[in-house]
Every structure is written in structure tokens, then in C-alpha cells.
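Worksheet: the structure to be examined is printed underneath.
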Amino acid sequence: MRLFRLTREKYAHELSGIGAARFGYRWNSAGVEMIYTAESRALALAEVLPRLTAETLPNDFCMVEITVPDEVKVHTLSQKSLPADWSMFPHPESTKAFGDSFVKEGKYCLMRVPSAVVEGDFNCLINPHHGQFAKIKVDAVRRFKVDHRLVR
């Protein structure tokens, strides 16, 4: 499986989940380490765009390309299995509970979750504490320029 992560250059060379743990996002509470990735470069960009403006657009974005071997355990959440408020903003406690349980239980290394930004696409959450995490490899880190027409 190929995964992608759009991030600032200073965070591009490590996969730790520490950044997500600082604040908590849709799928994790503050204090819970998790790595957010997407199944395509376009989705990785789309997931970041709602937080950007022309004034806050970084000039040091990097696209991190990740390989996950087939033997790594993946759990897929369907949209039907989620609570009605799963895609709301601010991020509901209901989705944070799903992600927190995923990390705490440790049954799977990856959890595929529906994108709230691009209907029909999936993001992948990585549990950095799972035994299979060491099998996941960063293949490339490339500078990534965001077209200014995408932000206002």
C-alpha cells in the first residue's frame, strides 16, 4: 500500500504521531499519538487546504511517500459504521473515541477512515505503537509546491 503525508519540511523525515498528540484532531484526542496519511497526494493536499489561507501558506511543504507492506494489519471503517456527526467541524468527540480506541487496543497498525473533505476517498491512520509499525517505510520526501490559486 502507498500512502502520502503533506507536512512541513522540519516534520517530514520522521513518523512519530507526536504532532497529532499535541492538539488532537478528528481521529485522536490530545495526548494520543497517531500518524495521519492519505491514499493519494491529492487527498493529502485536500485534507490540509481547509486550514490554509494565502497568508498562512507555507513555502516548505514536503510530500512524504510511504510504503506499507501487505502483511501489515489494516482495519477499514465504513461511513455506515460511524456516528452521524463524524464529519462535523469542530471535530466531534465521537470520532476521537474511535481513534483513541484504535491506538489503545493495538489490534491493527492501520485504520482506513473515510475522508470528511473528499467523499468516497480514505485516509489512513497509523498507530506508531503497534508491533508492525517498524515495517512501514518512508520511501521519499519531496518538496511540494501548492498552487496559490487553491487558497484565498
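The values are calculated or read from the model by the stated rules, or taken from the named source; none is laboratory data. Since we're looking at a predicted model, the values are computed, not measured. We place every Cβ from the backbone using ideal geometry, glycine too, and count neighbours over all the protein chains shown.
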Open item on the list: Please count how many residues of segment 10-23 are within 21 Å of residue 58 (Cα to Cα) and either of a type in the set (A, V, I, L, M, F, W, C) or touching a helix residue (DSSP H, G or I) at 6+ places or on another chain (Cβ under 8 Å) (or both).
Closed with: 7
- [ ] State yes or no: is residue 47 acidic (Asp, Glu) and at pLDDT 90 or above?
- [x] yes
- [ ] Those residues that are part of a helix (DSSP H, G or I), free of Cβ contacts under 8 Å to residues at least 12 places away in the same chain and over 19 Å from residue 118 (Cα atoms), I need them from segment 20-53; list them, please.
- [x] 22, 23
- [ ] Please identify the pairs in which a residue from segment 96-124 that is under 12 Å from residue 43 (Cα atoms) and free of Cβ contacts under 8 Å to residues at least 40 places away in the same chain has its Cβ atom under 7 Å from the Cβ atom of a residue that is of a type in the set (D, E, K, R) and assigned to a loop (DSSP other than H, G, I, E, B), counting only partners at least 6 apart or on another chain.
- [x] none
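For (1) of a type in the set (Ser, Thr, Tyr); (2) closer than 13 Å to residue 5 by Cα; (3) in contact with a strand residue (DSSP E or B) (Cβ under 8 Å, 6 or more places away or on another chain), each residue gets a yes or a no:
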position: 55; (1), (2), (3): no, no, no
position: 60; (1), (2), (3): no, no, yes
position: 78; (1), (2), (3): yes, no, yes
position: 109; (1), (2), (3): no, no, yes
position: 126; (1), (2), (3): no, yes, yes
Task: Matching residues, segment 107-136, being assigned to a loop (DSSP other than H, G, I, E, B) and over 21 Å from residue 14 (Cα atoms) - done: 107, 115, 116, 117, 118, 119, 120, 121
Open item on the list: I'd like the full set of residues that are among the acidic types (Asp, Glu), surrounded by fewer than 16 Cβ atoms within 10 Å (Cβ to Cβ) and closer than 21 Å to residue 127 by Cα, limited to segment 80-103.
Closed with: 93
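Residue-by-condition table, conditions (1) closer than 20 Å to residue 130 by Cβ; (2) out of contact with any Phe, Trp or Tyr (no Cβ under 6 Å at 6 or more places or on another chain); (3) of a type outside the set (A, V, I, L, M, F, W, C):
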position	(1), (2), (3)
7	no, yes, yes
13	no, yes, yes
16	yes, yes, yes
32	yes, yes, no
38	yes, no, no
41	no, no, yes
54	no, yes, no
- [ ] Give the residue that is surrounded by the fewest Cβ atoms within 10 Å (Cβ to Cβ), with candidates limited to residues of segment 3-60 that are among the β-branched types (Val, Ile, Thr) and within 17 Å of residue 95 (Cβ to Cβ).
- [x] 32
Open item on the list: of a type outside the set (Lys, Arg) and closer than 16 Å to residue 24 by Cα: is that true of residue 92 in this structure?
Closed with: yes
Open item on the list: Name the single residue that is farthest from residue 80 (Cα to Cα) among those in segment 123-152 being in contact with an Asp or Glu (Cβ under 7 Å, 6 or more places away or on another chain) and surrounded by 17 or more Cβ atoms within 10 Å (Cβ to Cβ).
Closed with: 128
TODO: May I ask you to verify whether residue 69 is in a loop (DSSP other than H, G, I, E, B), in contact (Cβ under 8 Å) with a residue 40 or more places away in the chain and not polar (S, T, N, Q)?
DONE: yes
